[in-house]
1. Scaled to the compact-protein estimate 2.2 N^0.38 Å, what is the alpha-carbon radius of gyration of region 1-127, rounded to two decimal places?
2. Can you tell me the FRET efficiency between Thr22 and Asn121 if r is taken as the Cβ-Cβ distance and R0 is 45 Å, rounded to the nearest 0.05?
3. Gln138 to Thr96: FRET efficiency via 1/(1 + (r/R0)^6), r the Cβ-Cβ distance, R0 41 Å, to the nearest 0.05?
4. From the alpha carbon gyration tensor of region 70-118, can you work out the equivalent ellipsoid semi-axes (sqrt of 5 times each eigenvalue) and give them in Å, largest to smallest?
5. Grab the beta carbon distance between Glu83 and Asn13, set R0 = 22 Å, and tell me the FRET efficiency rounded to 0.05.
6. Using alpha-carbon pairs under 8 Å, 6+ residues apart, how would you state the relative contact order of the chain in percent?
7. Spin-label point model (7 Å from Cα, Cβ direction): what's the Val75 to Tyr5 distance in nm?
8. Mean shadow of region 77-174, computed from the convex hull of its alpha carbons, in nm²?
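None of the figures in this text is laboratory data; all of them are computed from the coordinates on show. The shown structure was predicted, so the numbers you read here are calculated from the model rather than taken from an experiment. Here Cβ is always computed from backbone atoms with ideal geometry, including for glycine, and neighbour counts include all displayed protein chains.
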Amino acid sequence: NSISYLVNASKVNFYADPQLITLTSEINEYSLEFDLQLINSKITGMIVNSDDISIGLNNVTIVAISLDGFSGQSVTDASGHYEIQNLNPGRYYELTVSKNGYTSLSTTIVELNSEVAELENIEMIPNNRTIYGGVKNQNGEYLEGVNISLEAIGFNLISTTNINGEYSFSNLAP
């Protein structure tokens, strides 16, 4: 007979690999040693407006998550700079950025092999795109009260034509 146990050691700002140990009826005592590593690496950079990369974006939330679940997050300062601290080195982190009224242009993967990974600018594009138009009948007369629907993955919008047969959807992501 034997039973396996997964044993973890934990301390704030430290990391140790979990260890698997199998206990048998023949042995009464088992010894495990853990080597805790200080988690002091960080990812730094800047989030900018893609329409004008000289403009840093404030209040952008940046989240870094590794494949094995280590994570950290930060919010940009007034000039668009961020610093995600207390990350565990030797891992790949996927960065996601979010800000109301903006869309991220790409996914950023960071290999964190040292104390600091300084990244190139991450660009976000403003959700300032507009779709507009008009609706006419077969005689070329504009129609009021026509429902126009806009669908994309994750949301649906509806606009209704005005007295001039005009509709619009604004603040759209590219």
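1. Dividing the Cα Rg of region 1-127 by 2.2 N^0.38 Å gives 1.44.
2. Values: r = 50 Å, r/R0 = 1.11.
The computed FRET efficiency comes out at 0.35.
3. Values: r = 49 Å, r/R0 = 1.19.
Efficiency for this residue pair is about 0.25.
4. Working: eigenvalues 87, 35, 16 Å².
For region 70-118, the semi-axes come out at 21, 13, 9 Å.
5. On the way: r = 15 Å, r/R0 = 0.70.
Computed FRET efficiency for Glu83 and Asn13 comes out at 0.90.
6. Working: 387 pairs, mean separation 29.6, N = 174.
In percent, rounded to a whole number, it is 17.
7. The modelled label-to-label distance comes out at 4.3 nm.
8. On the way: hull surface 36.8 nm².
Mean projected area of the Cα convex hull: 9.2 nm².
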